Structure formats: structure tokens, C-alpha cells
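In what follows, a single structure is set out as C-alpha cells and then discussed.
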Amino acid sequence: MTVKPTPLKDCFIIEPKVFKDERGSFFESFNYNTFKKHTGLDIDFVQDNQSISQYGTIRGLHFQTGEFSQAKLIRVAQGKVLDVVVDMRPNSETYLKQFSYILTGENNHQLFVPRGFAHGFACLSSEAIFVYKCDNYYHKASESGISYKDEALAIDWHIPKKEQIVSDKDQNLPTLDSYLNS
């Protein structure tokens, strides 16, 4: 496993060692001891989630607040997504900075997103299976988010506007400024 820092504090790209032969391939998607050794983080994942999206789908930017905030280990089992994170931690040296990365079922890369980050993704392939581990349980009352189309963030989702598929809930998330001043 190779762990690479991103421009955002405590956020890492993880490249597993993939073994391939005539039968196919194998890789270890998570090993607590290896993860801790390479990141220095003691994470106890308690929930796994999976979503399937079609081309043009944008989900996010989501996060949970307070004691229910979540760290996530994200990967794509099939397809291709643009994964986007925003550091929402006021005391972080990378506060309000963003980072995006292409995750695919081909590259098997993973993105570790620490607690206190907003997260979203766009499906860039005809279909994508998106899988992630969380270190805290989903808690509806702690659910929050910021608009995927916030002009201050100016995220390029790599999908033409007319082809974007976004839920009503995500269409109505507040701008970053509205969220910070509420």
C-alpha cells in the first residue's frame, strides 16, 4: 500500500498493491494495522455504504456535524467518479480549501476523508459503484451540506450543466457563505 498526502491536511490518497494474474486480480481494500502505520491515524470504521449512480449524477456536498461527524475511506468498485472534498474545519491550516481526485474501478485508489470535511462526487462513467467506510453512524439530525454549485467554490464537476442529475435535496443546500453565517 502506498499512502500519499493531498494538499488538504489529514486527507490521503491510498493506492493498494494489486495482484493480477490470468484469473483476474486481488487487493486488500483495508487493513487496520497497515492504515495506522502509514497515516498515523487510529480509525475504527463502523459502517460500510454503497451507492450506484448513472452518468451525470452529482451527490453532495455532504457532511455530518458535531459528535456525529464522520471520517470516510472511499473507493470505486466499478466505473469512474470525480471525488471532491472541502475542509470545513475552522482550526485547520487548509480551512475552506478543496481537493478533487478521479477514483476508478481500474485504478483501485482510495481517498481517506477526515472528520470535518464536506464530500461529494460526480459519476463520469455510464454507471459507478461507489463504496465507503465510515467511522461513525449516520445520524439524520446531524446531516448537513453545502451547494455543489456554490460560486465561491467554483467546482468543475466535469459534467456539462445540461447533463447534471442532482437530487432536489442537493439542489437546495445552502451556499458556503449562507452555511457559515447561519
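Of all the strands (runs of 3 or more DSSP E) wholly in segment 28-80, which have at least 1 residues that are surrounded by 13 or more Cβ atoms within 10 Å (Cβ to Cβ), touching a His at 6+ places or on another chain (Cβ under 9 Å) and not aliphatic (A, V, I, L, M)?
Once the strands (runs of 3 or more DSSP E) in segment 28-80 are filtered for at least 1 residues that are surrounded by 13 or more Cβ atoms within 10 Å (Cβ to Cβ), touching a His at 6+ places or on another chain (Cβ under 9 Å) and not aliphatic (A, V, I, L, M), what remains is 58-64, 72-78.
What's the number of the condition G24 fails, among (1) at positive phi; (2) modelled with pLDDT under 95; (3) surrounded by 16 or more Cβ atoms within 10 Å (Cβ to Cβ)?
With (1) at positive phi; (2) modelled with pLDDT under 95; (3) surrounded by 16 or more Cβ atoms within 10 Å (Cβ to Cβ) applied to G24, the lone miss is (3).
Could you tell me which numbered condition Q110 fails, if it satisfies all but one of (1) touching a strand residue (DSSP E or B) at 6+ places or on another chain (Cβ under 9 Å); (2) under 22 Å from T175 (Cβ atoms); (3) of a type outside the set (D, E, K, R)?
If we test Q110 against (1) touching a strand residue (DSSP E or B) at 6+ places or on another chain (Cβ under 9 Å); (2) under 22 Å from T175 (Cβ atoms); (3) of a type outside the set (D, E, K, R), just (2) comes out false.
On the given criteria, is M88 of a type outside the set (D, E, K, R) and surrounded by fewer than 18 Cβ atoms within 10 Å (Cβ to Cβ)?
Values: of a type outside the set (D, E, K, R): yes; surrounded by fewer than 18 Cβ atoms within 10 Å (Cβ to Cβ): no.
So M88 does not fit the description; no.
Out of segment 8-36, which residues are over 14 Å from A77 (Cα atoms) and aromatic (F, W, Y)?
F12, F19, Y32, F35
Please pick out the residue among F26, F30 that is in contact (Cβ under 8 Å) with a residue 60 or more places away in the chain and either more than 21 Å from I155 (Cα to Cα) or of a type in the set (D, E, K, R) (or both).
Numbers: F26 fails: in contact (Cβ under 8 Å) with a residue 60 or more places away in the chain.
Of F26, F30, the one residue that is in contact (Cβ under 8 Å) with a residue 60 or more places away in the chain and either more than 21 Å from I155 (Cα to Cα) or of a type in the set (D, E, K, R) (or both) is F30.
Against the condition acidic (D, E), crowded, with 17+ Cβ neighbours inside 10 Å and in contact (Cβ under 8 Å) with a residue 40 or more places away in the chain, how does D83 come out, does it pass?
Values: acidic (D, E): yes; crowded, with 17+ Cβ neighbours inside 10 Å: yes; in contact (Cβ under 8 Å) with a residue 40 or more places away in the chain: no.
Criteria not met by D83.
How many residues does segment 84-94 contain that are hydroxyl-bearing (S, T, Y) and either within 17 Å of Q70 (Cα to Cα) or under 15 Å from the mean Cα position of the chain (by Cα) (or both)?
Narrowing segment 84-94 to residues hydroxyl-bearing (S, T, Y): 92, 94.
So of that shortlist, the ones also either within 17 Å of Q70 (Cα to Cα) or under 15 Å from the mean Cα position of the chain (by Cα) (or both) come out as 92.
Residues meeting the conditions: 1.
Of all residues in segment 1-27, which are over 16 Å from the mean Cα position of the chain (by Cα), acidic (D, E) and part of a strand (DSSP E or B)?
Across segment 1-27, the qualifying residue is only D21.
Is there any pair linking a residue in segment 153-166 that is within 12 Å of S100 (Cβ to Cβ) to one that is at pLDDT 95 or above and β-branched (V, I, T), with Cβ under 8 Å and at least six apart or on different chains, and which?
From segment 153-166, the pairs are L153/V86; L153/I146; I155/V84; W157/I58; W157/V84.
How about segment 102-159: which of its residues are buried (at least 16 other Cβ atoms within 10 Å of the Cβ), charged (D, E, K, R) and over 24 Å from Q78 (Cα atoms)?
Answer for segment 102-159, where residues must be buried (at least 16 other Cβ atoms within 10 Å of the Cβ), charged (D, E, K, R) and over 24 Å from Q78 (Cα atoms): R115, K149, D150.
At least 2 residues that are of a type in the set (V, I, T) in each: list the strands (runs of 3 or more DSSP E) lying fully within segment 107-161 that qualify.
Details: elements: 110-113, 117-123, 127-134, 143-145.
Result: 127-134.
Please work out which residue is nearest to I58 (Cα to Cα), limiting yourself to segment 162-182 and to residues that are of a type in the set (S, T, Y) and outside any helix (DSSP H, G or I).
Taking segment 162-182 as the starting set, the residues that turn out to be of a type in the set (S, T, Y) are 167, 175, 178-179, 182.
With outside any helix (DSSP H, G or I) added as a condition, the list becomes 167, 175, 182.
On the way: S167: 8, T175: 16, S182: 25 Å.
This residue is S167.
The values are calculated or read from the model by the stated rules, or taken from the named source; none is laboratory data. On a predicted model such as this, the values are computed, not experimentally measured, just so you know. For neighbour counting, all protein chains shown are included, and Cβ atoms are generated from backbone atoms with ideal geometry for every residue, glycine included.
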